[in-house]
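Everything below concerns the one structure shown next.
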Ligand SMILES: *Cc1c(COP(=O)(O)O)cnc(C)c1O
């Protein structure tokens with residue numbers, strides 16, 4: 001399998017999986033996508049059903065990932081999958097349990113039983129194993145520099161902690177994460193994890209990361225890399241759980257399901273799109289946003305209008321508070337017939353001069369639902385609080401605010417789809433206790449495995465909002481290793 005850029009031109013060189021694993025963005029600023037999606041026929045789907053039933057999630061992951069990764073020997077890839085997906089890491093043998101809510105038609109796919117209680121662990125755990133494997137093979141090392149408002153940073157740290165060849169520097173806005181999120185990150189004692197509290201907001205942290213990356217000499221000297229959501233390896237890891245969700249919610253190889261995905265960056269649902277394009281029987285892809293409804297607006301109107309940070313609302317499903325959806329370009333690439341020149345025009349000059357991408361009058365947008373199965377909706381604070389309460393009262397199912405956005409939007413489409421409709425759970429309620437308390441009048445139960453962490457000593461360095469100070473710290477720490 002070779003990979004191309006969404007902004008590439010015919011004849012541009014292609015790349016292998018291992019290269020794009022460590023690369024992030026393509027050199028032309030586009031995102032990497034497979035040259036074509038592997039096609040999964042009925043015989044393969046039946047075989048996958050047996051593999052999941054008899055050998056479990058990690059064996060299924062191995063089968064699916066093998067279609068995208070041909071530069072890691074099969075036995076090694078299986079071992080990588082086993083280390084990433086097992087009961088020790090994800091708490092259950094199923095790894096991703098999938099269950100109906102009451103009598104249906106809604107189901108829940110539990111994606112957040114990993115170490116940091118958010119679905120990002122599903123991708124990060126694999127990424128950590130792939131990094132260690134590839135860095136060892138190349139006998140090199142990596143400095144991961146990231147900025148987080150909560151979920152991504154902790155999930156990256158739990159996936160990369162203890163690795164010999166990776167040093168992590170994670171910037172957080174001082175005093176602005178929830179107590180749970182702070183405890184989760186700052187209780188870590190691994191020497192390869194450095195938490196940094198920046199005197200500023202999340203955007204300041206992100207600007208610092210950009211500034212360090214813009215210093216080409218420094219970047220090369222300290223092998224600076226990233227683990228952000230545009231990384232193809234993260235996306236392909238997520239394709240596996242759509243296959244598992246279909247296998248677990250369907251009764252035979254012919255029965256399709258639909259999925260509903262709470263999304264911000266179009267990361268999670270991009271994997272559903274890929275699974276559908278591969279021939280996994282996913283009927284309708286229901287996209288759910290919160291009040292930051294950039295994506296809902298696109299699927300309703302054909303106009304993609306990223307917002308400024310000032311226009312981005314701080315909501316009670318904070319992990320979906322985004323102003324532009326960084327993975328969206330991958331979908332538009334497919335929608336417009338994989339025309340890299342057109343994508344380059346739309347996402348660079350087009351966005352700059354017009355501030356939006358308007359596809360409302362195109363034949364591609366007119367045929368979108370039929371061809372790609374997407375529909376969308378959005379949810380508000382009142383909706384999520386009501387949904388959390390109703391679901392608890394009717395079925396004793398407790399969901400976090402992001403998953404509640406998904407359930408709310410899914411319920412609106414339940415009558416229109418003739419299949420089971422599986423809502424992808426993106427976090428555990430304990431991470432967002434404040435909104436749960438508002439909905440139910442009491443805080444969610446704290447799972448045993450998180451208790452010790454809340455009282456553990458904190459390890460975090462304070463830093464002014466200053467690039468030179470950050471570079472000095474990185475150089476000092478990296479040189480020690
Ligand atoms: C990251 C995150 C999301 C949004 O996922 P995308 O891949 O950006 O669409 C939703 N819910 C939770 C809890 C998250 O951490």
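Once you compute Rg and the Kirkwood Rh from C-alpha atoms, what is the Rg to Rh ratio for region 30-155?
0.99
For a distance above 22 Å, tell me the whole-number percent of Cα pairs in region 198-329 that qualify.
50 percent
Rounded to whole Å, give me the distance from the Cα center of region 20-82 to that of region 235-269.
15 Å
Which order, highest average first, do 289-298, 43-52 follow once you tally other Cβ atoms within 10 Å for each residue and take the mean per peptide?
Per-residue Cβ counts within 10 Å, averaged per peptide and sorted highest first, yield 289-298, 43-52.
Using alpha-carbon positions, what is the distance between the centroids of region 298-369 and region 387-428, in Å?
Distance between centres, Cα-based: 26 Å.
Taking other Cβ within 10 Å of each residue's Cβ, how do 137, 384, 451, 344 sort, fewest first?
Arranged by neighbour count, lowest to highest, 137, 384, 451, 344 become 451, 137, 344, 384.
Given q = 0.14 Å⁻¹, what are the Debye log10 I(q)/I(0) values for region 114-182, with equal point scatterers placed on the Cα positions and solvent ignored?
Taken in order of the listed q values, log10 I(q)/I(0) reads -0.43.
Report the Cα-based extents of the chain along its three principal axes, largest first, to the nearest Å.
Principal extents (largest minus smallest coordinate, Cα): 60, 59, 50 Å.
So between residue 366 and residue 382, what do we pick up on full extension, going 0.36 nm a residue minus the alpha carbon distance?
Length gained between residue 366 and residue 382: 2.5 nm.
Quick check on the exposure proxy: order 205, 260 from fewest to most C-beta atoms within 10 angstrom.
205, 260
I need the shape label for region 275-421. Rule: rounded when a/c is under 1.5, else prolate if a/b > b/c, else oblate, with a, b, c from the alpha carbon gyration tensor.
It is oblate, given that a/c is not under 1.5 and a/b is not larger than b/c.
Along its three principal axes, how long is region 331-398 when you only count alpha carbons? Whole Å, largest extent first please.
52, 28, 19
How do the peptides 397-406, 111-120 rank, highest first, by the average count of neighbouring beta carbon atoms within 10 Å per residue?
Ranking, from highest mean packing down: 397-406, 111-120.
For the chain, what is the percent of antiparallel DSSP beta bridges, rounded to the nearest 5?
Counting only bridges with both partners in the chain, antiparallel ones make up about 20 percent.
Any read-out appearing in this document is the output of simple, stated calculations on the displayed coordinates, not a laboratory observation. Predicted, not measured: the structure shown is a model, and the values here were computed from it. Using ideal geometry, Cβ is built from the backbone for each residue, glycine included, and neighbour counts are taken over all protein chains shown.
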